[in-house]
Every structure is written in C-alpha cells, then in structure tokens.
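K.L.:
Starting off with a structure, shown below.
The values are calculated or read from the model by the stated rules, or taken from the named source; none is laboratory data. Quick caveat: nothing in here was measured; it's all calculated off a predicted structure. What goes into the accessible areas is simple: the full protein's heavy atoms, side chains included, and nothing from ligands, DNA or RNA. Shrake-Rupley method; radii C 1.70, N 1.55, O 1.52, S 1.80 Å.
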Amino acid sequence: MIEFELAEHDYIELHSLLKVTGLCDSGGVAKLFIADGMVRVDGQVETRKRRKIRAGQIVAFNDRQISVI
C-alpha cells in the first residue's frame, strides 16, 4: 500500500493523485483509466476525474492501493 500525505492541503483531485504517486505516467492517462471505470474510491467505482480525495480515503487502481493521510 502506498501512503500519500496531503500535507497542508485539504484534498487532491483523483487524476492528480494517480499521477503524483506514479501509478500513471500523466494526468491525461489517469483520466482515461478513471473514465473507463478502472479506479475505485473507498471500494466504489469512481468515474469523476476531478473527484476530491481527502484524508482517510483509500484509492485502488491496478492491484495497488493508496491510503491518503
């Protein structure tokens, strides 16, 4: 599991999270995977590219999980 710390921010957009954690090469690629229903947030398929991800949420993609703290 990857841990991602928000630091001083309240949230990060879903496509940006996949990019900065290195699970996708770019935000554009991340948007395509999200639109195709390949990303889950807290166990539910998420298709909103700009979904705000906050501390305490779990994002799953490609057999990897990101814990946002």
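K.L.:
Taking amide H atoms as placed 1.01 Å from N in the peptide plane, list the residues 5 or more away in sequence, or in a different chain, whose amide H sits under 5 Å from that of Gln65.
P.N.:
Those qualifying (amide H under 5 Å, at least 5 residues apart or on another chain) are Ile2.
K.L.:
Can you give the log10 of the normalised intensity I(q)/I(0) at q = 0.20, 0.21, 0.24, 0.32 Å⁻¹, computed with Debye over equal Cα scatterers of the range 1-41?
P.N.:
With one equal scatterer per Cα and no solvent, log10 I(q)/I(0) is -0.60, -0.66, -0.83, -1.17.
K.L.:
Oh, and also: Calculate for the chain the 222 nm mean residue ellipticity that helices alone would give, adding -39,500 (n - 2.57) per DSSP H run of length 4 or more and normalising by residue count, nearest 500 deg cm²/dmol.
P.N.:
-6000 deg cm²/dmol
K.L.:
If every alpha-carbon in the chain counts as one equal scatterer, what log10 I(q)/I(0) does Debye give at q = 0.19 1/Å?
P.N.:
Once normalised to I(0) and log-transformed, intensities are -0.62.
K.L.:
Related question: Once neighbouring chains are kept in place and the probe is 1.4 Å, which whole percent of the accessible area of the chain is contributed by carbon and sulfur?
P.N.:
Carbon and sulfur atoms account for 44 percent of the accessible area of the chain.
K.L.:
Then there is this: Among the DSSP beta bridges whose two residues both lie in the chain, what percent are antiparallel, rounded to the nearest 5? The partial results should precede the final answer.
P.N.:
Details: 11 of 14 bridges.
Taking every DSSP beta bridge within the chain, about 80 percent pair in antiparallel fashion.
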